[in-house]
1. To the nearest 20 Debye, how big is the dipole of chain A about its Cα centre, given +1 on the beta carbon of each Lys and Arg and -1 on that of each Asp and Glu?
2. Cross-link partners among lysines for A:Lys568, C-alpha distance below 24 Å, same-chain residues fewer than 8 apart left out?
3. Taking 0.36 nm per residue of sequence separation and subtracting the Cα-Cα distance, how much length would be gained by fully extending the chain between A:Asp339 and A:Ser91, in nm to one decimal?
4. Please identify the helices of chain A, taking whole runs of DSSP H, that span at least 27 Å along their own axis as judged from the Cα atoms and have a mean Kyte-Doolittle score of -0.5 or higher.
5. Based on DSSP H runs of at least 4 residues, each adding -39500 (n - 2.57), what is the mean residue ellipticity at 222 nm of chain A after dividing by all its residues, to the nearest 500 deg cm²/dmol?
6. Past 30 Å, Cα to Cα: identify those pairs from A:Lys589/A:Lys636; A:Lys62/A:Lys431; A:Lys76/A:Lys137, in the order given.
7. Along the charge dipole of region A:232-408, Cβ charges K/R +1 and D/E -1, which of A:Ser370, A:Asn316, A:Leu283 sits furthest on the positive end?
8. Label-point separation (nm) for A:Arg575 and A:Arg273, each offset 7 Å from Cα along Cα-to-Cβ?
Amino acid sequence: MSTLTFWKPGTAGPGSTLDRATEEEGNVVQSAPSHGSLSIQAQRERLPIWQHRQKLLHCIEKHGVTIVVGQTGSGKTTQIPQYLLESGWASQGNVIACTQPRRVAATSVAIRVATEVGTLLGDEVGYTIRFEDVSDKERTRICYMTDGMLFRETLIDPLLSRYSAIMIDEAHERSLYTDLLLGVLKKIRRKRPSLRLIVSSATLDARSFLEYFTSGTHPDDATIVSLEGRMFPVEVAYLQEPAPDYVRKAVEVAWNINLQHGAGDILIFLTGREEIERCLEELTELLPTLPRGATQIIPLALHAGLSTEEQLRVFNVTERGMRKVITATNIAEASVTIDGVKFVVDSGFVKIRTYNPTTFLASLSTVPVSQASAIQRAGRAGRTSPGICYRLYPESVFASLPTSTPPEITRTDMTTPILQLKSLGIDDLMKFEWVSAPPAESILRALEGLFAAGMIGDDGLLTPIGERVAECPIEVNIARMLFTSKDFNCGEEILTIAAMISIQDAFVIPDGAPGAIAELERRKFTAEEGDHMTLLNGIFSPHPKVDCLYLVAYNAFTKYGRSSSWCKAHALNFRAMSRAVSIRSQLKKYMIRFNLPLQSCEGDAKRLRQCLVSGYWRNGARWVADGTYRSVKGNKTLYVHPTSVLFTRKPRTGWVVFHEVEETKRTQIRILSEIEPDWLLDYGHKYQHRHAAG
DNA sequence: GAGCACTGC
């Protein structure tokens, strides 16, 4: 093993440049409030943010928009809403909202704040996330929620009139709904200047938020407040030369850290499952060569594809003389926080999904991380003690990295967001004040698609069906199927398919031999006609003739008591399946509200597949002799995703519709079903004209 | 014969 040469910049002090971490605002009230409110109050007063209390309240009072730059442990998420509550912002029935990009953050912060305030969760302090409304319409004064939930609320109450103050937390992450919300909130503030906004952001992005909120308004309308954090300093070391193979280099670095440093776990950032597995393999191969008496290494993987059980392993407490080496994807950058990590090894790369509106292709590509990401990753080493971050690239490379990752809104399909903005009465999208505008092509293609689907008319306004579809918490093409299911008498089945498509990864296929067994389990659910629809084999299905992979899996899941052990035995993801049950019941409510009949097609597979075409009419493809497909639009070569039951089989008719297309190494289509080619005309364009006219 | 960054309604 060669000695590694890292260059450590003389003036480390990176504590000051470190970004905050996410959901954990540190300084938790560790125990239940058994000592009474006084001790909680004392603990709150010790928070770094406390000394800024008056300044913050003054800024919020005086300025419409306060941008709070808060570092880890500053306590902004838990304290600012409480300061507002204490100074009367929630009087006269007003509510203080605080949004989070993730569900876990919204719930865990709400639990903590309810304790600090000394109230039951769901009473004075509550939270609202999809499927869970733990708040009281009359009594709740502070409500934590996902940004998507608050955006949805604007569809019902466009001025968000029940809120006196809204805090948009983690705004620098620039999630799709954060961006949409900020745009709508700027508009709301023109009509309702009394509304106060608090935008919480990392250092690097604060200036751009300030510029956004001052442009076209009074320059005094927005201000920045900086808070200190309670982060430990993290020293940053760079490689002198770029590494030709960062996975191998990561192994080498981790190995040397283990030999040279005392206690503290190691967190390695890689881009995906494949790299993680290779990294763990190489590390495991080295283990027998570990010198006697050296710290033992426990190699661990962390990525979204793992089951909950496997993910929880990274939190296991290690014994003395042992060290966890956690090899993770970007999930560990913000979503999952592991205390006890003292060393971070950063490959400097990330997999990012982008959308090309011209080709309608989503692609997943590996790109260099942004500076903001690199700083955030480094911060993961300083949560419980001072740490070191090893960046597997030279410092000159860091300087050349983009400051931040392009916001999601610039690299995603805008069809649904634009439908929702239209539903909000924002018809002139060119005049909408985007924080970052999506590419013009993206807006045009989305409008074109909405027009073709009959969601907007010649005048650019929503059609009656468009108005209803905008309310549905599901993609436009799937919503369209829900509406047309009325004509095919298959509402029950489409509802299930819609729910199953909304979850990712219903099937768990692990690596190696267990994977092969899981694959066999999965095949029990499948047969001939595709992923949505397959024939027979349906030992579980009430309607053997319409054994759709998803229908069968779903029906079997509910039939066998929604049990997690049953899922495990049949290679299904229990969490995902439970979610499908929730989504289905939510969508069912919408169907009832829109008077859509919940009929079963009683085994008529043909009608069901015709209904699929009414949503997927632009996603047609034709089989060609080499086993690939050609898209109906654009004649592009498409490869079947290996998880499809049609991966190895030619469809009888030679024609399919598919749910989505994604560019990785190849252009692949996922979730496909065999169709008759005529249907593309009959059930696609026919509906297009009918609904566009009506 | 071959593959899966991460959220959210």
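Readers should treat all values here as calculations from the given coordinates under stated rules, not as data from a laboratory. Computed from a predicted model, the values in this text were never measured in an experiment. For neighbour counting, all protein chains shown are included, and Cβ atoms are generated from backbone atoms with ideal geometry for every residue, glycine included.
1. In total the dipole reaches around 500 debye.
2. The qualifying lysines are A:Lys524, A:Lys559.
3. Full extension of this stretch gives 85.4 nm more.
4. Membrane-span-like by this criterion, though nothing is claimed about a membrane: A:574-593.
5. -11500 deg cm²/dmol
6. Correct reply: A:Lys589/A:Lys636.
7. A:Asn316
8. 1.4
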